[in-house]
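Take a look at the structure set out below.
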Amino acid sequence: MLAVHLVSFFFSKLQEDPTKKVDRFLYAMRLHDDQLKDISARFQAEMKKGLSSEKKGQFLALDLGGSKFKVLQVKVREGMGIKRGGVEMEERTYPIPKELLIGKGTELFGHVSESLKDFLHQRNISLEKKHPLAFTFSFPCEQTALDQGFLLGWGKNYRPRGLQGKDVVQTLREAIDRTGGLDVEVLAMVNDTVATMMTCGFDDEYCEVGLIIGTGTNACYMEELRHIDLVEGDEGRMCVNTEWGGFGDDESLNDYITEFDRDVDAASNNPGKQIFEKMISGMYLGELVRLVVLKMAKLGLLFDGRVSDALRTKGKITTAHVAAMEEYKNGLKNTKDILTELDLNPSSDDCIAVQHVSTIVSFRSSNLAAAGLAAILSRIKQNRNLRTLRITVGVDGTVYKTHPQYPKRLHKVVRRLLPECHVRFVLSDSGSSKGAALVSAVAQRLASQRRQVDETLAPFRLSQEQLQLVKTRMRAGLEAGLKSKGPSTIKMLPSFVYRTPDGTEKGKYLALDLGGTNFRALLVNFKKGLQHNVRLYHKIYTIPQEIMQGTGEELFDHIAQCVSDFLDYMGMKNAHLPAGFTFSFPCEQTAIDTGTLVSWTKGYKATDCEGHDVVSLLREAIKRRNEFDLDIVAVVNDTVGTMMSCAYEDPQCEIGLIAGTGTNVCYMEELKNIEKTEQKFGKTEEGEKEEHMDEGTEGEKKEGDAEIPKMCINTEWGGLGDDGSLDDIITPYDVEVNQNSLNPGKQRFEKLTSGMYLGEVVRQVLLDLTRGGLLFRGHVTETLKTPGIFQTKYLSQIESDRLALLQVRSILQQLGLNSTCDDSIIVKEVCGAVSRRAAQLCGAGMAAVVEKIRENRGLVHLNITVGVDGALYKLHPHFAGVLQETARILAPQCNVTFLPSEEGSGKGAALITAVARQKHD
Ligand code: BG6
Ligand code: BG6
Ligand code: GLC
Ligand code: GLC
């Protein structure tokens with residue numbers, strides 16, 4: 001038997017179409033359309049990235065504050081990128097006249113921009129074209145952005161007036177404008193340490209420290225964002241310019257300071273400032289040597305006590321002299337020449353001694369720099385919780401570059417101080433401009449990304465005029481719906497609820513609440529007819545999606561089953577209670593206890609319900625179950641239930657608003673305006689209407705407006721726009737969401753404003769940004785392609801002001817989206833734009849409703865309360881505020897109070913049942 005099976009198996013294998021096994025084998029190579037779309041999107045993203053790549057372009061650069069002022073052009077050759085050596089640089093040094101160093105700051109910047117213009121002219125660089133420019137500015141600045149930095153103070157040999165506290169970038173821009181004829185965009189300003197770190201970082205990814213030992217001295221390093229109070233953000237790193245030259249300005253180094261340091265400081269441009277710098281950097285080393293030599297000579301320890309005028313003159317010994325004196329072979333000879341130049345007549349012992357002075361001074365310098373560097377490296381190591389640290393320090397500056405012993409000494413001491421760190425030192429071969437150009441390129445890319453994100457979100461940002469138009473259209477829709485006897489976009493469905501509660505309602509009622517996020521069954525007990533003495537018991541049931549979208553019979557059987565469970569839970573199976581049914585879908589009502597479902601909305605699509613009376617459907621299901629009995633007295637929309645529930649607390653409440661899974665509003669309309677009901681009531685005879693009212697829920701009329709008969713109208717405002725009237729504000733993302741919905745073309749307003757759709761709109765925007773390479777590194781994941789991932793609760797969490805970016809990131813992570821810090825910022829922004837628009841649109845709609853009520857009543861000023869429910873309103877951090885603000889602006893003659901419903905619409909349904917029941921009793 002087994003053999004037969006095997007044979008037939010082999011036989012069937014032999015018979016098989018040979019392409020099939022190939023298909024199976026190469027399954028992964030066969031791509032279906034979705035995959036192709038994805039690949040195409042990724043490719044597009046790559047192309048976009050390639051075009052806006054930071055690795056290509058031409059930048060102008062200014063380098064001000066070192067020993068030379070330079071103008072440069074940095075070209076990054078296409079296709080090669082900086083890393084592969086595709087950088088070409090042309091530079092020119094422009095001397096700065098001495099008087100400008102101590103003149104007016106604006107004049108110094110005038111010289112800078114004139115030099116720039118000259119450079120462009122000399123190199124035949126077009127003056128008309130817009131040139132991006134990077135600015136290396138080597139003085140302490142408080143930076144608030146890459147292109148903004150406020151000067152804290154000058155230093156070194158600079159002392160111009162009038163710029164302290166000013167934004168240096170702005171000053172440069174103004175100078176460029178004054179010069180005229182230059183179209184330059186200053187993209188970024190960087191300190192020379194930062195630019196040096198970036199320059200060296202091209203070739204060495206471990207380069208996270210920048211060090212300058214030149215005219216001045218300073219260091220920068222990559223600090224964890226969480227440690228930088230001045231910057232928003234909690235993850236990642238940012239380069240911090242330490243301005244370590246100012247170490248000791250608070251006298252903390254006083255015990256290390258010699259009389260020579262004090263003299264150098266006293267004679268400097270900035271006494272009391274940059275104490276550490278004055279012990280280390282090139283601007284002061286020669287001077288320190290001179291002062292020591294002078295003092296020794298005066299004490300008779302050198303030159304037989306003879307002193308020359310030259311030796312007495314400030315600046316006569318320079319750093320270059322110091323370097324020359326310490327040269328390996330020629331050092332002594334150089335020393336002799338230098339001293340002879342100073343009109344001294346040194347003996348060979350004098351030369352040895354002076355050389356030694358020089359060595360001690362420069363040694364101290366490198367030792368102090370090493371100590372500073374060791375502090376920085378230890379911090380980085382601690383920050384990262386590492387036992388050993390591998391790191392590279394990018395270095396620049398004339399002292400480091402020209403002093404023969406300096407680098408070796410510095411390296412040695414750093415390594416001695418930090419034996420557990422592997423420190424590499426890289427000399428910046430081409431100055432700081434390459435790095436500055438990179439920073440600018442990144443700034444340029446960020447600016448272009450920002451522009452693209454802004455452009456994407458622009459259609460969501462509605463102007464006051466647009467909101468005004470929405471209000472006008474909503475108003476027209478309300479009016480048309482009241483008049484229309486046939487279908488209208490805003491249905492304006494009569495509810496057969498003629499008044500809000502008066503507090504006399506009493507008894508026990510069952511309430512069923514279907515159509516929001518969950519199904520709820522409630523028992524409501526109004527005790528002794530006393531207001532605020534209500535007992536409420538409830539149980540929440542979820543309705544599975546397959547039930548929402550299965551057959552009508554299944555849906556109503558499921559509801560009957562939940563009710564049965566609830567009655568068991570309450571021990572009331574045999575109570576035969578009067579019940580109110582909150583059914584949150586559009587129903588055409590002819591009485592309080594009948595409602596024909598016009599069409600499903602939101603996530604429901606059960607068959608054989610549309611066009612049927614939902615009360616009968618429920619009664620039939622209860623009958624089929626044959627287990628308990630219910631007396632269904634009223635069917636109400638959730639807006640109506642909510643209004644009633646809130647009106648029980650506040651008699652001014654005559655509007656009900658839902659901003660949840662769906663969105664809708666009901667309000668008390670005057671009967672005379674409800675022209676569509678004339679059909680049912682016959683001619684517009686007030687008396688006849690009154691008569692009908694008595695059959696409904698009319699109790700005792702309230703004082704004041706007793707003479708104006710009203711009925712609550714369920715507007716079904718979610719349908720605004722179904723005739724195309726909102727097409728001018730609808731974005732391609734909304735179009736997509738509409739097309740993917742259960743009811744394409746329907747409920748267009750609802751799809752712009754309610755919880756069920758906002759997350760989807762956000763997802764569509766994120767998909768687009770990702771395809772454009774602006775998010776998630778351009779990677780469209782399966783998660784992002786999954787409908788429904790952004791529920792209202794997540795949007796609410798993401799937009800919470802209390803959340804730090806790291807937490808936003810962790811929410812996205814929970815959703816399966818791996819994001820960077822920048823991604824989180826963009827996602828938050830998208831959520832904000834989408835939810836703000838939703839709140840504004842609801843506010844505009846609300847303004848239309850309250851204005852209508854005000855005009856109905858012929859009032860100059862209307863005070864009214866809106867009862868509100870729905871997760872979007874209640875959970876979202878900004879929705880309620882924006883909605884209220886918009887309504888306030890667009891309906892300035894109305895004072896609208898928003899009262900969140902506390903127990904949902906069930907209490908309201910019970911109140912309506914109570915009134916209807918009392919009528920019948
Ligand atoms: C240059 C950099 O190489 O070094 C400048 O391009 C920097 O940005 C300078 O300020 C520091 O050295 P020095 O010795 O010129 O002050
Ligand atoms: C509930 C009401 O509190 O809010 C329901 O009882 C209503 O009747 C619902 O439908 C609306 O909010 P959501 O967010 O559940 O759709
Ligand atoms: C001075 C400046 C500093 C600069 C350093 C090296 O210390 O204050 O910004 O980095 O010189 O040029
Ligand atoms: C949908 C329904 C409407 C309901 C609203 C809020 O718009 O059509 O009847 O009031 O959602 O739940």
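The values are calculated or read from the model by the stated rules, or taken from the named source; none is laboratory data. If you're wondering where the values come from, they're calculated on a predicted model, not measured in any experiment. Reconstructed Cβ throughout: ideal geometry from the backbone, glycine too, with neighbour counts over all protein chains shown.
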Fill in: Positions within segment 618-654 being within 13 Å of ligand 4 (Cβ to nearest atom) and of a type outside the set (Gly, Ala, Ser), in sequence order
Val635, Val636, Asn637, Asp638, Thr639, Val640, Thr642, Met643
Discussion item. Checking the conditions here, which among Ile543, Ile547 is within 15 Å of ligand 2 (Cβ to nearest atom) and not in a strand (DSSP E or B)?
Written reply: Ile543
Worksheet item: Any residue at all in segment 496-517 that is in contact with a Cys (Cβ under 6 Å, 6 or more places away or on another chain) and either among the charged types (D, E, K, R) or over 22 Å from Ile559 (Cβ atoms) (or both)?
Response: yes
Worksheet item: Does Val636 count as of a type in the set (A, V, I, L, M) and surrounded by fewer than 20 Cβ atoms within 10 Å (Cβ to Cβ)?
Response: no
Discussion item. Please pick out the residue among Asp147, Asp118 that is away from ligand 4 (no atom under 16 Å from the Cβ), of a type in the set (Asp, Glu), within 30 Å of Gln274 (Cβ to Cβ) and in contact (Cβ under 8 Å) with a residue 24 or more places away in the chain.
Written reply: Asp147
Item to complete: Could you look through segment 119-177, keep only residues that are of a type in the set (A, V, I, L, M) and within 11 Å of ligand 3 (Cβ to nearest atom), and pick out the one that is nearest to Gln58 (Cα to Cα)?
Response: Leu151
Worksheet item: Take the residues of segment 781-824 that are closer than 22 Å to Gly870 by Cα and polar (S, T, N, Q): which is modelled with the lowest pLDDT?
Response: Thr792
Practice prompt. Just give me the residues in segment 735-769 being of a type outside the set (Lys, Arg), out of contact with any Phe, Trp or Tyr (no Cβ under 8 Å at 6 or more places or on another chain) and within 16 Å of ligand 4 (Cβ to nearest atom), in sequence order.
Written response: Asn738, Pro744, Gly745, Gln747, Leu752, Thr753, Ser754, Gly755, Met756, Tyr757
Fill in: helices (runs of 4 or more DSSP H) wholly inside segment 375-459 containing at least 2 residues that are more than 16 Å from ligand 2 (Cβ to nearest atom) and more than 36 Å from the chain's Cα centre (by Cα)
398-402, 406-417
Practice prompt. Return the residue satisfying two criteria in turn: it lies in segment 331-346 and is loosely packed, with under 14 Cβ neighbours inside 10 Å and at pLDDT 95 or above, and of such residues it is nearest to Tyr284 (Cα to Cα).
Written response: Glu341
Item to complete: Check segment 592-604 and report whether any residue there is in a strand (DSSP E or B), among the hydroxyl-bearing types (Ser, Thr, Tyr), touching a residue at least 12 places away in the same chain (Cβ under 8 Å) and away from ligand 3 (no atom under 16 Å from the Cβ).
Response: yes
Discussion item. Which of the numbered conditions does Gln893 fail, given that it passes all the others? Conditions: (1) closer than 21 Å to Glu479 by Cα; (2) touching a Pro at 6+ places or on another chain (Cβ under 7 Å); (3) of a type outside the set (Asp, Glu).
Written reply: (2)
Worksheet item: So Ile547 fits all but one of (1) out of contact with any Asp or Glu (no Cβ under 8 Å at 6 or more places or on another chain); (2) farther than 23 Å from Gly908 by Cβ; what number is the exception?
Response: (1)
Discussion item. All but one of (1) aliphatic (A, V, I, L, M); (2) touching a Pro at 6+ places or on another chain (Cβ under 6 Å); (3) in a helix (DSSP H, G or I) hold for Val868; state the number of the condition that does not hold.
Written reply: (3)
Worksheet entry | Hey, Asp204 of a type outside the set (A, V, I, L, M, F, W, C) and part of a loop (DSSP other than H, G, I, E, B) or not | yes
Worksheet, complete the sentence: Reported set for segment 649-667 where residues are farther than 20 Å from Thr601 by Cα and buried (at least 24 other Cβ atoms within 10 Å of the Cβ) is Cys653, Glu654, Ile655, Tyr667
Fill in: Lone qualifier among Lys471, Lys483, Lys491 - being touching a Pro at 6+ places or on another chain (Cβ under 6 Å), farther than 30 Å from Met283 by Cβ and among the charged types (D, E, K, R)
Lys491
Practice prompt. Any residue in segment 277-290 that's touching a residue at least 60 places away in the same chain (Cβ under 8 Å) and within 14 Å of ligand 1 (Cβ to nearest atom): show its pairings with residues that are acidic (Asp, Glu) and in a helix (DSSP H, G or I) at Cβ separation under 9 Å, as long as the two are six or more apart or on different chains.
Written response: Met283/Glu277
Worksheet, complete the sentence: Scanning segment 274-309 for residues that are buried (at least 18 other Cβ atoms within 10 Å of the Cβ) and at positive phi, the one nearest to ligand 3 (Cβ to nearest atom) turns out to be Gln274
Discussion item. I'd like to verify a number: residues in segment 379-407 that are at pLDDT below 90 and surrounded by 15 or more Cβ atoms within 10 Å (Cβ to Cβ), how many?
Written reply: 1
Practice prompt. Scan segment 462-475 and give yes if some residue there is assigned to a helix (DSSP H, G or I) and over 30 Å from Asp768 (Cβ atoms), otherwise no.
Written response: yes
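Yes/no matrix, rows are residues, columns are (1) free of Cβ contacts under 8 Å to residues at least 24 places away in the same chain; (2) part of a strand (DSSP E or B); (3) within 16 Å of ligand 2 (Cβ to nearest atom):
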| site | (1), (2), (3) |
| --- | --- |
| Asp629 | no, no, no |
| Val635 | no, yes, yes |
| Thr639 | no, no, yes |
| Asn664 | no, yes, yes |
Practice prompt. Could you list, in sequence order, all residues of segment 144-174 that are away from ligand 1 (no atom under 16 Å from the Cβ), touching a helix residue (DSSP H, G or I) at 6+ places or on another chain (Cβ under 9 Å) and hydroxyl-bearing (Ser, Thr, Tyr)?
Written response: Thr171
Worksheet item: Considering only segment 477-513, how many residues are surrounded by fewer than 20 Cβ atoms within 10 Å (Cβ to Cβ) and in a loop (DSSP other than H, G, I, E, B)?
Response: 8
Discussion item. Show me the helices (runs of 4 or more DSSP H) found entirely inside segment 253-336 where at least 2 residues are within 19 Å of Ser365 (Cα to Cα).
Written reply: 259-266, 275-280, 282-298, 319-325
Worksheet item: What is the number of the single condition among (1) away from ligand 2 (no atom under 16 Å from the Cβ); (2) modelled with pLDDT of 95 or more; (3) not β-branched (Val, Ile, Thr) that Leu883 does not meet?
Response: (1)
